[in-house]
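What follows is a short report on a single structure.
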């Protein structure tokens, strides 16, 4: 099993990720991307945009659906009209459950605190912890020993269950030792906590000026549905894609960048006729799963999990999650990487008419919640967001299939997948353990590094000339410091697929050595053919 501690250490050491505001102690749930990290994230977003939106030319579509179909893009504002969040349901329904500890005065997300049952004699308690999974058992044992006042020589008096549980799996919390408490039963009853960040518009700052940072990018697409139809002449079925920042006031952000308060999404809202929506739902599930494996995630570390009926959101006809076996999770467990949701016509209809009453019988049409005056409690825009098919003259509210991916979680998954330790020869030919990030060439932050073998005999000048030429085509790096073997190791940790070395032969025969990161194979290539050779290898 890969070590999350080693991955996090490499990310900071090589400039992939830093804790936000670190020199002031950091801000929990916020992360900064360093020089390598920002390139990796940009490459991931560019690959998504190219494959899903700009370069889309899929001639295969579900039976009965036209192909090719159009995919277009949007970039919507982070702050929107507050009524958007009323009608979408976020204002009333977007929450997690939290608990407070009366002893430590700390707050936790109810379903994120893990622990194990511990027994000594006839006393049984549940010891909870916020430790990473790799350290959970050791931390539970340490806290249990301290609670029961046991010394190391008496450790065999303590029995710890094999099963790790979260607080929401327990019947009550009276026997729980909270993560930062010394006494049992200090946790409050769980209560709802809205996850949207509040902010204020304008200078007056009154209650009427309250609005929110968006918790998802999807709503900007829905409220612009008609604008896109009228301006770009697309026809249903078609998709709208967007990449952008979203914000959720997570109670306990954790697991590196997996659960953050500020994150970036890559979302598609695909609009289709109701009778074709199930076929399109299956189409997008398969297409999005294939995208991750094509970019290097192991199929053995990915699963497609269809939600059980009890898990589905109130609007959902069906949802499937693409999940990845992140190293911080227990063996056999997976974390969500992307969700593909069949949202029915909920979103467009709610922005026309008002918010869905969540108590409506399943399968029934939307019911508008009324106030004491018999008027809609949460009014929609009143705009007609239906679609008329020019060929059949049929009018309908399109159904929506939503593939929603997290850019930050995607970056984390590819970093975890790429982290590898293997054996490679050093400068003297001795085999040593090396750390290498085996990132797909499309995602690699640096595509190639250029080295002069030594800093003399005209080699640096030739290397600099090659560096300047390649920089017109791709992100490259120049390094002349230290032994060439150490320079290779540095680029291996950065995930650079190819290293180009200028040596004594380069000055006479105008060739250089290309060293492959993964196979360690070295080949000679003519300098005037180098750009073409690299572009071909990078795909």
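The values are calculated or read from the model by the stated rules, or taken from the named source; none is laboratory data. Only a predicted model underlies this, so the values are computations on that prediction, with no experimental measurement involved. We place every Cβ from the backbone using ideal geometry, glycine too, and count neighbours over all the protein chains shown.
Could you check, for the stretch 436-445, whether at least one of its residues is surrounded by fewer than 12 Cβ atoms within 10 Å (Cβ to Cβ) and in contact with a strand residue (DSSP E or B) (Cβ under 6 Å, 6 or more places away or on another chain)?
No, every residue in the stretch 436-445 fails to be surrounded by fewer than 12 Cβ atoms within 10 Å (Cβ to Cβ) and in contact with a strand residue (DSSP E or B) (Cβ under 6 Å, 6 or more places away or on another chain).
In the stretch 284-312, what count of residues is obtained for those that are surrounded by 15 or more Cβ atoms within 10 Å (Cβ to Cβ), on the phi < 0 side of the Ramachandran plot and not in a strand (DSSP E or B)?
Total meeting the criteria: 12.
Among the listed residues 174, 139, identify the single one that is under 19 Å from residue 106 (Cβ atoms), free of Cβ contacts under 8 Å to residues at least 60 places away in the same chain and part of a helix (DSSP H, G or I).
Only one candidate passes the filter, namely 139.
Just need a number here: residues in the stretch 358-412 that are modelled with pLDDT of 90 or more, under 33 Å from the mean Cα position of the chain (by Cα), under 15 Å from residue 274 (Cα atoms) and not in a strand (DSSP E or B).
4
Can you confirm whether residue 333 is modelled with pLDDT under 95 and either more than 30 Å from residue 83 (Cβ to Cβ) or under 13 Å from the mean Cα position of the chain (by Cα) (or both)?
The answer is yes for residue 333.
Rundown of residues vs (1) more than 30 Å from residue 130 (Cβ to Cβ); (2) assigned by TED's automatic domain parsing to the domain that holds residue 388; (3) at pLDDT 95 or above, yes/no style:
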position	(1), (2), (3)
215	no, yes, no
224	yes, yes, yes
243	yes, yes, yes
246	no, yes, yes
256	no, yes, no
267	yes, yes, yes
274	yes, yes, no
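Search the stretch 237-283 for residues being in a loop (DSSP other than H, G, I, E, B) and more than 21 Å from the chain's Cα centre (by Cα), and hand back the single one that is nearest to residue 26 (Cα to Cα).
Taking the stretch 237-283 as the starting set, the residues that turn out to be in a loop (DSSP other than H, G, I, E, B) are 237, 248-253, 255-258, 260-261, 273.
Next cut, more than 21 Å from the chain's Cα centre (by Cα) only: 237, 273.
Numbers: 237: 46, 273: 48 Å.
Restricting to residues being in a loop (DSSP other than H, G, I, E, B) and more than 21 Å from the chain's Cα centre (by Cα), the top hit is 237.
Which ones in the stretch 15-39 are within 16 Å of residue 436 (Cα to Cα) and in contact with a strand residue (DSSP E or B) (Cβ under 8 Å, 6 or more places away or on another chain)?
Once the filter is applied, which keeps residues that are within 16 Å of residue 436 (Cα to Cα) and in contact with a strand residue (DSSP E or B) (Cβ under 8 Å, 6 or more places away or on another chain), the stretch 15-39 yields 16, 37.
Conditions (1) without any contact (Cβ under 8 Å) to a residue 40 or more places away in the chain; (2) surrounded by 14 or more Cβ atoms within 10 Å (Cβ to Cβ), marked per residue:
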site: 7; (1), (2): no, yes
site: 18; (1), (2): yes, yes
site: 25; (1), (2): yes, no
site: 42; (1), (2): yes, yes
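This table checks each residue for (1) touching a strand residue (DSSP E or B) at 6+ places or on another chain (Cβ under 6 Å); (2) in the same structural domain as residue 213 (by TED's automatic domain parsing); (3) at pLDDT 90 or above; (4) more than 28 Å from residue 247 (Cα to Cα).
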| position | (1), (2), (3), (4) |
| --- | --- |
| 131 | no, no, no, no |
| 134 | no, no, no, yes |
| 138 | no, no, yes, yes |
| 161 | yes, no, yes, yes |
| 169 | no, no, yes, no |
| 183 | no, no, yes, yes |
